[in-house]
Amino acid sequence: MIQSMTGFGKSVTQLPTKKITVEVKSLNSKNLDLNARIPSTYREKELDMRNIVARALVRGKVDLSLYVELNGEETSSSINAAAVKTYMEQLGKIVQADDTELLKMAIRLPDALKTERDELDEQEYHTILDALQEALTAIEKFRTEEGEALQKDFELRIDNIARSLDDVEALDEERLAGLREKLNKAVAELKVEVDQNRFEQELTYYLEKYDINEEKVRLRNHLNYFTKTLASADSNGKKLAFISQEIGREINTIGSKSNYAPMQRVVVRMKDELEKVKEQLLNVL
C-alpha cells in the first residue's frame with residue numbers, strides 16, 4: 001500500500017497550568033527535510049523528537065511545531081522592579097513627566113522584565129512525547145488515505161497505457177504490411193529488373209529496423225511490474241519512479257520506430273498517461 005508524503009497531524013493536551021499543542025505537517029521531498037520549532041525549555045530534547053519523527057515519516061519536507069501556552073496562574077516573566085525604578089529616576093532628570101508616563105517609558109527598556117528559565121520536567125516531557133506520537137499517528141492516517149487515492153489513479157493510468165499497448169499490437173501487423181506494400185510499389189515504379197531473392201533479403205533487413213516486438217514485450221513486463229510493486233506492503237515511490245522511467249523508454253522507442261501515423265497517435269496517448277503518473281509519483285513516499 002503506497003503512502004503520500006503530504007499530511008497533517010495535530011494533538012492538544014491540557015495540563016493543570018499549561019496547554020501543549022504538537023503539530024506535524026509534511027510535503028513531498030526527495031529526502032527527509034525536517035524543520036523543528038521548539039521552545040528553548042525543551043531544546044535539549046529536540047534531537048530525540050527529531051529522531052522519532054524521522055523514523056515514523058521516513059521522507060518528505062516535514063515541519064514539527066511544539067507550542068506551550070501558560071494559563072493565567074503561571075508565568076515565567078516578572079517585573080524587574082529595581083531596573084524599572086532606576087530607569088524612572090534617570091528619565092525624570094531628562095524629561096518633565098509624571099510617574100505614570102515615566103513608568104510607561106521605563107517598562108519598554110531592556111531588562112525591565114526578567115524571564116526565569118524553566119527547568120525541564122521529565123513527567124511533562126513524557127506527556128509531550130505522547131502528544132507527538134498522537135500527532136504522528138494522525139499524519140500517518142492522513143498519508144495512508146491520500147495514498148489510497150493516488151493508488152486508484154495509478155491503476156487507472158497504467159490500465160490506460162496497457163489498453164493503448166493492445167491498440168499498438170493490433171496496428172503493428174497493418175503497419176508492417178503497409179511498409180512492405182510501399183516498398184514493393186516504389187521498386188515497381190523504377191521499372192528495372194531486380195533479383196527477387198536479394199530484394200526479399202534487403203526488405204527483411206529493412207523491416208527488422210522497424211520491428212517493435214521486443215519493445216512491446218518489455219513494456220508489458222514493466223507495466224505488470226509497476227502494478228505488482230504498487231500492490232506490495234511497502235510504499236516505495238523511488239522504485240515506482242524508476243519503473244516509470246523504463247516504461248517511458250520503451251514507449252519512446254516504439255514511437256521512434258513506428259513510422260506510422262495511427263500508431264504514433266496511440267503513442268502520444270501513452271506518453272500523456274505516463275506524464276500524469278510521473279507527476280503524481282513525486283508525492284509518493
- Message: Criterion first (among the acidic types (D, E) and in contact (Cβ under 8 Å) with a residue 60 or more places away in the chain) does E273 satisfy it?
- Response: yes
- Query: Restricting attention to the range 36-52, does a residue exist that is over 20 Å from the mean Cα position of the chain (by Cα), in a strand (DSSP E or B) and of a type in the set (A, V, I, L, M, F, W, C)?
  - Reply: no
- Message: Looking at R55, R50 in this structure, which one is among the charged types (D, E, K, R), assigned by TED's automatic domain parsing to the domain that holds L129, out of contact with any Lys or Arg (no Cβ under 8 Å at 6 or more places or on another chain) and loosely packed, with under 11 Cβ neighbours inside 10 Å?
- Response: R55
- Message: Six or more apart or on different chains, Cβ atoms under 9 Å: show the pairs whose first residue is in the range 32-47 and within 14 Å of Y67 (Cβ to Cβ) and whose second is surrounded by 14 or more Cβ atoms within 10 Å (Cβ to Cβ) and among the polar types (S, T, N, Q).
- Response: A36/S65; R37/S65; I38/S65
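In the range 237-270, how many residues are touching a residue at least 24 places away in the same chain (Cβ under 8 Å) and under 13 Å from I2 (Cα atoms)? Quick ask: steps written out before the conclusion?
Residues of the range 237-270 that are touching a residue at least 24 places away in the same chain (Cβ under 8 Å), as a first pass: 237, 240-241, 244, 246-248, 250-251, 253-254, 257-260, 262-263, 266-267, 269-270.
Those still in the list that are under 13 Å from I2 (Cα atoms) too: 237, 240-241.
Selection size over the range 237-270: 3.
Looking at the range 92-112, is at least one residue in a helix (DSSP H, G or I), hydroxyl-bearing (S, T, Y) and either modelled with pLDDT of 95 or more or more than 30 Å from I247 (Cβ to Cβ) (or both)? Before you say what the answer is, go through the steps one by one.
Residues of the range 92-112 in a helix (DSSP H, G or I): 92-94, 99-106.
When the remaining residues are screened for being hydroxyl-bearing (S, T, Y), the result is 100.
From what is left, the residues that are either modelled with pLDDT of 95 or more or more than 30 Å from I247 (Cβ to Cβ) (or both) are 100.
Yes, because at least one residue in the range 92-112 is in a helix (DSSP H, G or I), hydroxyl-bearing (S, T, Y) and either modelled with pLDDT of 95 or more or more than 30 Å from I247 (Cβ to Cβ) (or both).
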- When residues of the range 58-82 are filtered for being in the same structural domain as V12 (by TED's automatic domain parsing) and modelled with pLDDT of 80 or more, how many remain? 12
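The values are calculated or read from the model by the stated rules, or taken from the named source; none is laboratory data. Everything quoted here is computed from the prediction, not taken from an experiment. Because the Cβ atoms are built from the backbone with ideal geometry, glycine has one as well, and the counts that use them run over all protein chains shown.
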